């Protein structure tokens, strides 16, 4: 896991500020507060259905519609980042967390976060060459993790016996 980045406001305060700054001010509801607290008390990659299931299992009363609407707002507010991985959409912390990239195992669906100083320079150079103003990016390498590779190799060896 990557280290957190110092921020001036809690995720809850930042989301409340976002809702109040919209052209049509919006209320910060109890369900939204519970969601923000729940999401930011742990660091994991999740999809909307996983979040709903986990929150209900832990005794929270959340509606599916509220979760989907609030996740969109949390992305718009810069608190979460949405990762499109095939048909699934995962979410992760963006606020208070450094820029990083992902390795995604297509077998077990594990997500491995990494940083590499060379990547930032390469992306900056490519943008400069094309006079392109970057607003953000997602870099996801799809493949097979070490554990799944080990399981494949063990199975292959057994097949040869």
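At-a-glance table
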{"item": "The lone exception for residue 132 - which of (1) exposed (fewer than 11 other Cβ atoms within 10 Å of the Cβ); (2) assigned by TED's automatic domain parsing to the domain that holds residue 15 it fails", "result": "(2)"}
{"item": "Flag if residue 68 is in the same structural domain as residue 16 (by TED's automatic domain parsing) and within 19 Å of the chain's Cα centre (by Cα)", "result": "yes"}
{"item": "Number of positions in segment 43-65 that are within 22 Å of residue 84 (Cβ to Cβ) and either touching a helix residue (DSSP H, G or I) at 6+ places or on another chain (Cβ under 9 Å) or assigned to a loop (DSSP other than H, G, I, E, B) (or both)", "result": "11"}
{"item": "Which listed residue is under 23 Å from residue 113 (Cβ atoms), in contact with a strand residue (DSSP E or B) (Cβ under 6 Å, 6 or more places away or on another chain) and assigned to a helix (DSSP H, G or I), from 36, 75", "result": "75"}
{"item": "Condition check for residue 141: touching a helix residue (DSSP H, G or I) at 6+ places or on another chain (Cβ under 9 Å), touching a residue at least 40 places away in the same chain (Cβ under 8 Å) and either assigned to a helix (DSSP H, G or I) or loosely packed, with under 15 Cβ neighbours inside 10 Å (or both)", "result": "no"}
{"item": "Residues of segment 78-104 classified as in contact (Cβ under 8 Å) with a residue 24 or more places away in the chain and in contact with a strand residue (DSSP E or B) (Cβ under 7 Å, 6 or more places away or on another chain), total", "result": "14"}
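The values are calculated or read from the model by the stated rules, or taken from the named source; none is laboratory data. Computed from a predicted model, the values in this text were never measured in an experiment. Heads up, the Cβs are rebuilt from the backbone with ideal geometry, glycines too, and the neighbour counts pull from every protein chain shown.
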